[in-house]
Amino acid sequence: MQIDHAARRARIAPALGLHADEILLVGAGHPVPRPELSEQHFPFIAHQEYLYLTGHEEAPGGVIAYDAKDNTWTSFVPEVTELEKIWDGTEQLPGEFLGALPAWLDARRARRVIALGAPLAGVQPDVIRTTQVRETYKHARRPKEPGELAIMRRCATATTAGYKALQPFLKPGVSERRMQIELEAEYFRHGAQTTGYSSIVGVGAQSAVFHGSPSTERIAKDGDFILIDSGAQWDRYVIDVTRTYVAGTPTAFQKDFAQAVIDAQQRACARCLPGAEWVDIHLATAVDMVNSLISIGLMKGNATALVEQEAHTLFFPHGLGHMVGLGVRDAGGVEPGRIKNPRPSLKSLRMDLILRPGYIVTVEPGLYFIPALINNVSLREKYRDAVNWPLAEKCLGLGGVRFEDNLVITDGEPENLTAAIPKTLTPARE
Ligand code: GLY
Ligand code: MN
Ligand code: MN
């Protein structure tokens, strides 16, 4: 399904809350040179605020402008040179050439400027209004359109194929890098243009490193946790999935520990109903996981009280999830009119929103043994009675467990776009 960008601009314009004396400029950004003597640039990607309004990925320096007084959009695009046509096969985008932008601005020089997207040289926007309009813009594009959802489904299909192809490689002797290669190659075979972000593959203790890069480290033995966090990308839309496996036979403790996350994740998904507060779902999930940690003897006390004291952050230090779609972090933030919740355990929460139909969110609770937390002297003192510290110390090196799905919020039950990727600790054997 094609996305109709003109229809989208017509829908977005009134939602921005612009005053009649204001003009809006949204910049695509510029290619970034590599820090070496190669005359090369990093691959260019247009700023998502620009891409959303234009669909133009290949428009370095491009600007889309809106005049609120006469409700008109004008797209200024780079003029393709003969050299670019010859060397790169670049085709001319429709719109006015960028050379016409100064005259457009000059004709409106008494007007207040709001500048979104990438910064624009020589333009001095109203900082307060720009911040306000960025928020209203984000809010207007939070519910996904049918065309966006269709692309996300393609990404989910490719991602599912990747996780399926990965299963035979989840065994001792296979390196993190090899797992990454097998996973991503299958995405590409299923049409993915690239990955949604750098795939995370962590074996053993490395499974507790949130943004760890795949290394040549191999699965050493039966019983290592293997955490994979990866997803396919298509037209800048991204799927973001995490699964955790054990090579060989998990111990009873590993099973219970992983089940604590799986159960909490399922309950969190079921809570993703229209009107629900994301912060409430996050905190309820923390209580669920702390209850399990009490059952398996790792924490002590009352789960609700422990979460009120923020003790869960020793094992679950990140947020429950984020908006996903046009990028792995899409249009998150806070509900209009709110400020960021100052509660310490919510500082890493990437959104404080009321869920609405059309939103796509990740749901990704995790529990980890992170040396920097378990060995932290002041945390150990603060939570002396909340944790079975000798057991926590014994588990250092075990790593962590996370399960992550991508849910579409509907009028009723959520739809799980990544449900076809099994959540079993033991790799699937055909
Ligand atoms: N892939 C990073 C994340 O889950 O947010
Ligand atoms: Mn992820
Ligand atoms: Mn995520």
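Values in this text are rule-based calculations from the coordinates and carry no lab data. Treat the numbers as computed from the prediction; the structure is a model and nothing was measured. Cβ sites come from the backbone with ideal geometry, for glycine too, and all protein chains shown count toward neighbours.
Only Lys, Arg, Asp and Glu carry charge here, each on its Cβ (+1 for the first two, -1 for the last two); on that basis segment 27-99 has a dipole of about 180 debye about its Cα centre. Just checking the listed ones, Gly400, Gly89, Gly319: in the Gaussian network model of the chain with Cα springs under 10 Å, the one fluctuating most is Gly89. Taking amide H positions as placed in the peptide plane 1.01 Å from N, state which residues far from Val387 in sequence (5 or more) or on other chains have amide H under 5 Å from it. When sequence neighbours closer than 5 places are left aside, the close amide H contacts are Lys300.
Taking one quarter of the surface of the C-alpha convex hull of the chain gives a mean projected area of 23.4 nm². Phi angles of segment 157-166 translate, via the Karplus equation with coefficients 6.51, -1.76, 1.60 and θ = phi - 60°, into HN-Hα couplings of 5, 5, 5, 4, 4, x, 5, 5, 5, 6 Hz per residue; Gly and Pro are given as x. Under 5 Å from the amide H of Ser175 lie the amide H atoms of Ile219, each residue being 5 or more positions distant or on a separate chain, with H modelled from the backbone and absent for Pro and chain starts. Alpha-carbon geometry of segment 212-282: the Rg and the Dmax are 16.0, 46 Å, given in that order.
With the dipole of segment 183-264 worked out from charges on the C-beta (+1 for Lys and Arg, -1 for Asp and Glu) around the Cα centre, which of Ser207, Gly231, Thr194 lies farthest toward the positive end? Result: Thr194, furthest along the dipole toward the positive end. Each residue of segment 95-101 is assigned a 3J(HN,Hα), and the resulting list reads x, 7, 6, 4, x, 8, 5 Hz, derived from the Karplus form 6.51 cos²θ - 1.76 cosθ + 1.60 (θ = phi - 60°), x at Gly and Pro. Couplings 3J(HN,Hα) of segment 191-201, computed from phi: x, 4, 7, 6, 8, x, 5, 5, 4, 9, 9 Hz, in residue order, whole Hz [Karplus 6.51 cos²θ - 1.76 cosθ + 1.60, θ = phi - 60°; x for Gly and Pro].
Loop-located chymotrypsin sites (Phe, Trp or Tyr not before Pro) in segment 71-121 (DSSP state other than H, G, I, E, B) with a sparse environment of at most 13 neighbouring Cβ atoms within 10 Å are absent. Taking the Cα centre of the chain as origin and assigning +1 to Lys and Arg Cβ atoms and -1 to Asp and Glu Cβ atoms, the resulting dipole is close to 920 debye.
A DSSP coil position with no more than 13 other Cβ atoms inside 10 Å describes the following trypsin sites (Lys or Arg not before Pro) in segment 348-430: Arg384, Arg429. Residue farthest toward the positive end of the dipole of the chain, with Cβ of Lys/Arg at +1 and Asp/Glu at -1: which of Gly61, Ala15, Leu170? Positive-end residue among those listed: Leu170.
Backbone amide hydrogens, once placed in the peptide plane, bring Arg329 within less than 5 Å of nothing, excluding anything fewer than 5 places away on its chain. Each of Gln265, Val32, Tyr52 was scored by the projection of its Cα onto the charge dipole of the chain, and the greatest displacement toward the positive side belongs to Gln265; charges sit on the C-beta of Lys, Arg, Asp and Glu. The magnitude of the dipole of segment 293-430, with charges of +1 and -1 set on the Cβ of Lys/Arg and Asp/Glu and taken from the Cα centre, is near 500 debye.
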